[in-house]
Each structure stands twice: as C-alpha cells, then as structure tokens.
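Please treat every number below as a calculation from the coordinates, not as lab data. Note that this is a predicted model, so its numbers are computed, not measured. Cβ placement follows ideal geometry from the backbone for every residue including glycine, while neighbour counts extend to all protein chains displayed.
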Amino acid sequence: MVGDEELLVERAVGEIVQEARRRDPDTEVVDLVPSTLEPGRLAELTSPSLFGGGKVLVLRSAQDLGKDLAAEIGAYVKNPAGDMAFVLVHAGGVKGRALLEAWTKAGARKITCPKITKSGERLDFLRSEMRRLDGTISPGAAQQLLDAVGNDLRELAAACSQLMADTGGKINDAAVARYHRGKADVSGFTVADLAVEGRLGEAMEQLRWAMDTGVAAVLINSALAQGIRGLAKVSGARGKSFALAKELGMPPWKIERLQKQIRGWSPEGIARALTVVAETDRDIKGGAADASYALEKAVKEIVIARSLR
C-alpha cells in the first residue's frame, strides 16, 4: 500500500484482514513497525505455524526500514510464504523506493492511498463515501457538508455515516443544515487539532468560522481540553496503537494521530496547556464578557506552550 492517507490505508488493511478471516476465522494478524522488527525476525514470522492457521503480517512505515531489513524483505518477496498475506505499507516518496520497486517487480498487488489535499478530491471522496453506504447526496449538500465538517477524511466519513443513519440515505441541503450547522464535535476538534500542531493562523481562522456559525464557546474549549488531555495520556505511553487502545480508552487511529501531534511538546508545555484550558473553561462558564476573545487567547497560549522547554 503506497500513500499516507490514514483512513484509506486502514480501510485497505481492514479489507485484507476480513478477506483472510472469511477463509479462516482464526487468522492471526501481526502488526509491525520498523522499530519492532529486528534482523532475523522476519524468518520467524513467515515460517509455517506448528498449529496451522492463516496469518496477515502488516508492516507499516516501510520507508523507514534500515538497509539490512529492507534487503531482507526485498528478498522475501521473491519467494513468499504461501499460507499468509504480507502487507507492506509505504508512505510514498523517494525514501525506500527500491523496496517498493522490488515488490512491484515480484508481482505484489499495489493499492494506492494518496493524501487527499484538494477540495475537489474531498468532494469526490464524500460522494463516493455516500455511494459506499448506499446513499445519495446533492451537489449543494456535498459542498455544504465539506464546509461544515472540514478536511479530515475520518470526520467526513463519520459525518456521512451519521447522516445516513439520521436521514435514510437521501441527503439534501436541508438535512446537512439541520444536523451539521455549528456542530462542535466537528469544528471544535478541527480547532483543537490545529492548535496542538502549532498551526496558529489556521486554528484562528477555523475558530472564528466556528464562532460565526454559532458553535457554543464551552464546546470548543471542551474540544481543546480533550486534545490536550489526549497528549498527556499518550506522552507517557509506550507501544503500538493497537496494544495501547484498551489501556488508554481510545481507538488506534486516534492514538496514532496523537503520537504524531505530540512531537515538539514537552511535559512542561502540556502542563501549561492544561492550565490554559482549565482557566478558559472557568472564564467562559463564569460569564466572560467576550467568550470569543477568551478562546482566541487560549488558542494562542496553547501554541506558545508547544514551544516550552
């Protein structure tokens, strides 16, 4: 799988696992990243099991493999094990391209999961998502939903699924306006993600849009608080997202997002950001004269806290 659009990668991996488990319900799934794969372990993982049964081996971030491991996996694909599926996930780009070429030359099935960056591509995704769910959406409603939800594919997919459940499958402008105008579970989290990533300009733009469309200030700050608390949880956790999901009470995709977002944060910065959202919550619930000013101040201070050392 080539590309770094997380939702598309996860769906493609999930479909392969489902396909394997339709044939054998006891199929084992082994999820790896380069840091957990030492030289020689591949032979162990790809050798036949004494107890039989299928296996799906998923190696993520293959572009980060060292030279020796890349050579080992490049050699494997020339003579793959017949009783397992090996999924190589590569972000694309130049790094590690030789390994991709080796797998392609050997006849591996290639699934592309490119990052969707253009508005037109997101609209295409949104419409295809509705078709996947056996629903329809009018052109105006599609644009309105994209404007309301934002650019994150996971949030778009969740919005499509919710609209399907709420409307029966035929989505028009009125349905989108009824269910998504000013919903903080969309725009609030968009603001939070941008703030914790240090993208001040974009965070402020989305914050003002949310306030203009009627999102309650207390809900936006709640999303900011959840984002910071998520960073605090992940900062002390070690291990793969799937293993941490139960311990942290979060889905794996959210843990992976937080693990990316936490880069650049220090414990001091997280502590300061937690104080900021607590103070903002107190100000807003205490009837601050200008809730929008309180939120703008909070976003700025969160971005500043990210650089604390």
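With a/c under 1.5 counting as rounded, go ahead and sort region 119-181 into rounded, prolate or oblate using the C-alpha gyration tensor (a ≥ b ≥ c being the square roots of the eigenvalues; past the cut-off, prolate if a/b is larger than b/c, else oblate). Rounded is the answer for region 119-181, as its axis ratio a/c remains below 1.5. For the chain, the longest principal axis of the C-alpha atoms and the axis of helix 184-196 are separated by about 70°. With K and R counted +1 and D and E -1, the other residues having a Cβ less than 14 Å from that of LEU200 yield a net charge of -1. Rounded to the nearest whole angstrom, the semi-axes of the ellipsoid equivalent to region 185-305, taken from the Cα gyration tensor as √(5λ), stand at 25, 14, 13, largest first.
From the helices alone, meaning DSSP H stretches of at least four residues, give me the mean residue ellipticity at 222 nm for the chain, per-run term -39500 (n - 2.57), in deg cm²/dmol to the nearest 500.
Calculated at 222 nm, the ellipticity per residue is -19000 deg cm²/dmol.
Check cross-link reach from LYS246 to the aspartates and glutamates: straight Cα distance under 17 Å, and skip same-chain residues fewer than eight apart. Within reach: ASP31, GLU256. Going by Cα centres, region 211-267 and region 99-125 are how many Å apart? Between the Cα centre of region 211-267 and that of region 99-125, the gap is 28 Å.
Output the peptides 79-92, 213-226 sorted from most to least packed, where packing is the average of other Cβ atoms within 10 Å over each peptide's residues.
213-226, 79-92
If you average the alpha carbon positions of region 186-208 and of region 1-66, how far apart do those two centres end up, in angstrom? Cα centroid of region 186-208 versus Cα centroid of region 1-66: 34 Å apart.
So which trypsin sites (Lys or Arg not before Pro) in region 83-166 are both in a DSSP loop and have at most 14 other Cβ atoms within 10 Å of their Cβ?
On the way: sites: LYS95, ARG97, LYS105, ARG109, LYS110, LYS115, LYS118, ARG122, ARG127, ARG131, ARG132, ARG154; in loops: LYS95, ARG109, LYS110, LYS115, LYS118.
Within region 83-166, the qualifying trypsin sites (Lys or Arg not before Pro) (loop, at most 14 other Cβ atoms within 10 Å) are LYS95, ARG109, LYS110, LYS115, LYS118.
Within the straight-line cut-off of under 12 Å between alpha carbons, the aspartates and glutamates reachable from LYS233 are GLU247, sequence neighbours fewer than 8 places apart in one chain being disregarded. Around the amide H of GLU5, modelled in the peptide plane, lie the amide H atoms of LYS115, all under 5 Å away and 5 or more residues distant in sequence or on another chain. In the structure shown, the pairs LYS240/LYS260; LYS95/LYS115; LYS78/LYS105; LYS78/LYS110; LYS115/LYS260; LYS55/LYS254 are assessed against 19 Å; a Cα-Cα span above that value is assigned to LYS55/LYS254. The overall shape of region 1-70 is oblate: from the C-alpha gyration tensor, with semi-axes ordered a ≥ b ≥ c, the ratio a/c is 1.5 or greater and a/b is no larger than b/c.
For the chain, calculate the relative contact order in percent as a whole number, restricting contacts to Cα pairs under 8 Å that are 6 or more residues apart. Display every interim value, and only then the final one.
Values: 393 pairs, mean separation 41.1, N = 309.
So the answer I get is 13 percent.
Judged by the gyration tensor of its Cα atoms, with axes a ≥ b ≥ c, region 1-139 is oblate; a/c meets the 1.5 cut and b/c is at least as large as a/b.
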